[in-house]
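K.L.:
Could you have a look at this structure, given as structure tokens, before my questions?
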Amino acid sequence: MSRGGAGEYSRYCYREILPFTTMVVMECTNVGLNTLFKFATNRGMSRHVFIVYAYAIAAVVLLPSPFFSRRSRILPPLNSSIMLKILFLGIVGYTSQIMGYTGINYGSPTLASAMSNLAPAYTFVLAVIFRMEKVALSSTSSRAKIAGTIVSISGAFIVTFYKGQSISSTPSSPVSLHNSLQSSSQSNWMIGSLFLSVEYFLVPVWYIIQTHIMKEYPAELTIVFFYTSCVSFLAAVVGFFVEQDPSQWKIRPNVALASILCSGVFGCCINNAVHTWALHLRGPVYVAMFKPLSIAIAAAMGVIILGDTLYLGSIIGATIIAIGFYTVMWGKAKEEWGELDETTDLEISTPEKYPLLQSYRTEVAQKR
């Protein structure tokens with residue numbers, strides 16, 4: 001393979017394969033972390049205390065990142081304007097987190113996975129409003145992105161609300177993912193849905209703010225460090241007034257500690273860093289479109305790890321999600337390739353349409 005071919009393949013892996021793989025892994029991780037959080041809160045852990053400690057752990061892990069970022073690249077000054085935007089990002093992020101964990105507390109991780117499918121629709125609409133996403137109904141790529149978003153969300157709701165016949169079951173199967181929704185009372189389910197819907201409206205807002213910050217200050221780990229520090233501080237201030245019981249702040253070596261450590265390292269630290277990097281590389285719509293996969297991942301993890309029963313609705317819904325997901329990805333790819341083709345055509349046609357300009361460029365180049 002030539003150097004040019006190797007370089008093209010490396011760029012393809014970096015822009016296509018690596019973001020896809022890491023985002024799928026992060027969705028798997030998030031489903032597991034939500035399940036662990038639910039288990040810990042059932043044992044009495046406070047969600048306010050959880051956010052304080054989890055984000056504090058992430059901030060400690062990322063503490064060296066600002067120094068390494070400064071040494072490895074030339075960055076603009078970290079001025080007050082950027083810090084205010086990071087603070088605003090922290091407020092949005094903290095509000096989103098407290099809404100999400102409250103929703104999981106009232107509902108379940110499965111409900112959270114189902115409601116997360118609102119994120120792509122919210123993101124697509126907000127990205128269009130803020131002119132971060134191009135939409136032209138006459139364009140095939142735009143129609144594909146719109147249709148794919150609708151199909152993905154529809155498939156996710158099919159997984160959640162349509163059970164169908166049992167396909168596989170095991171004797172040790174305790175409770176299926178669908179039964180976990182049914183076990184919650186109707187009122188708690190509605191309250192949880194409300195909190196989660198607010199969370200997944202704030203998630204794309206977080207994506208868009210983060211994307212704007214990355215354009216001004218392209219240092220992923222540094223931004224995530226300041227972001228996690230802000231969230232931990234805000235959560236501590238709120239928790240000081242909300243959690244009056246001192247025993248809630250004492251974490252013992254049990255499932256609560258495991259949940260805090262795992263969420264701090266894999267959720268608040270690695271997950272936020274990966275999302276920030278993916279936002280910088282591919283944009284908010286690409287990142288949000290992985291949310292519908294969480295419900296399919298939750299169903300798969302339930303069967304493989306927990307021995308849950310797999311139902312026909314899960315298969316149908318997961319298939320529809322995959323169709324919608326790849327339809328959007330196809331639309332994004334077609335749009336990018338279309339822009340590349342237009343640029344290439346412009347470069348090729350320049351000497352033909354403007355020979356005097358081309359001869360002038362050649363003359364200048366020879367003089368240099």
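K.L.:
Where in region 261-330 are the helices (runs of 4 or more DSSP H), entirely inside, with at least 2 residues that are modelled with pLDDT of 80 or more and within 19 Å of the chain's Cα centre (by Cα)? Can you show your working first?
P.N.:
Details: elements: 272-282, 284-288, 293-304.
Here the list reads 272-282.
K.L.:
Residue under question is ARG131, and the condition is that it be surrounded by fewer than 18 Cβ atoms within 10 Å (Cβ to Cβ), of a type in the set (D, E, K, R) and either touching a Cys at 6+ places or on another chain (Cβ under 9 Å) or without any contact (Cβ under 8 Å) to a residue 24 or more places away in the chain (or both); does it hold?
P.N.:
So ARG131 fits the description; yes.
K.L.:
Which members of region 121-135 meet the condition of being of a type in the set (Gly, Ala, Ser) and in contact with a Gly (Cβ under 9 Å, 6 or more places away or on another chain)?
P.N.:
ALA127, the sole residue that qualifies.
K.L.:
Among residues belonging to region 45-56 that are touching a residue at least 60 places away in the same chain (Cβ under 8 Å) and over 20 Å from the mean Cα position of the chain (by Cα), point out the one that is nearest to CYS269 (Cα to Cα).
P.N.:
Looking at residues that are touching a residue at least 60 places away in the same chain (Cβ under 8 Å) and over 20 Å from the mean Cα position of the chain (by Cα), I get ALA56.
K.L.:
Give me the pairs, please: first residue somewhere in region 21-32 and farther than 15 Å from MET289 by Cβ and in contact (Cβ under 8 Å) with a residue 12 or more places away in the chain, second residue anywhere and crowded, with 20+ Cβ neighbours inside 10 Å and small (Gly, Ala, Ser), beta-carbon distance under 6 Å, and either six or more positions apart or on two chains.
P.N.:
Filtered contacts from region 21-32: VAL31/SER294; VAL31/ALA298.
K.L.:
Anything in region 219-244 that is surrounded by 15 or more Cβ atoms within 10 Å (Cβ to Cβ) and not in a helix (DSSP H, G or I)? List them, or say none.
P.N.:
Selection gives ALA219, GLU243.
K.L.:
So in region 35-82, with the set limited to residues that are out of contact with any Asp or Glu (no Cβ under 8 Å at 6 or more places or on another chain), surrounded by 13 or more Cβ atoms within 10 Å (Cβ to Cβ) and not in a helix (DSSP H, G or I), which one is modelled with the lowest pLDDT?
P.N.:
LEU75
K.L.:
Can you find, within region 33-58, the residue that is farthest from PHE290 (Cα to Cα) among those that are out of contact with any Gly (no Cβ under 9 Å at 6 or more places or on another chain) and of a type in the set (Gly, Ala, Ser)?
P.N.:
GLY44
K.L.:
Give me the pairs: first residue in region 97-117 and closer than 13 Å to GLY32 by Cα, second residue part of a helix (DSSP H, G or I) and β-branched (Val, Ile, Thr), beta-carbon distance under 6 Å, and six or more apart or on different chains, which are they?
P.N.:
Sorted first by the residue in region 97-117, then by its partner, the pairs are PRO109/THR35; ALA112/ILE104; SER113/ILE295.
Yes/no per residue for (1) at pLDDT below 80; (2) buried (at least 21 other Cβ atoms within 10 Å of the Cβ); (3) in a helix (DSSP H, G or I):
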{"position": "MET1", "(1), (2), (3)": "yes, no, no"}
{"position": "GLY4", "(1), (2), (3)": "yes, no, yes"}
{"position": "TYR9", "(1), (2), (3)": "yes, no, yes"}
{"position": "PRO19", "(1), (2), (3)": "no, no, yes"}
{"position": "LEU87", "(1), (2), (3)": "no, no, yes"}
{"position": "GLY100", "(1), (2), (3)": "no, yes, yes"}
{"position": "ILE104", "(1), (2), (3)": "no, yes, yes"}
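The values are calculated or read from the model by the stated rules, or taken from the named source; none is laboratory data. What you see is a predicted model; the values in this text were computed from it and never measured. Please note: Cβ atoms are built from the backbone with ideal geometry, for glycine as well, and neighbour counts cover all protein chains shown.
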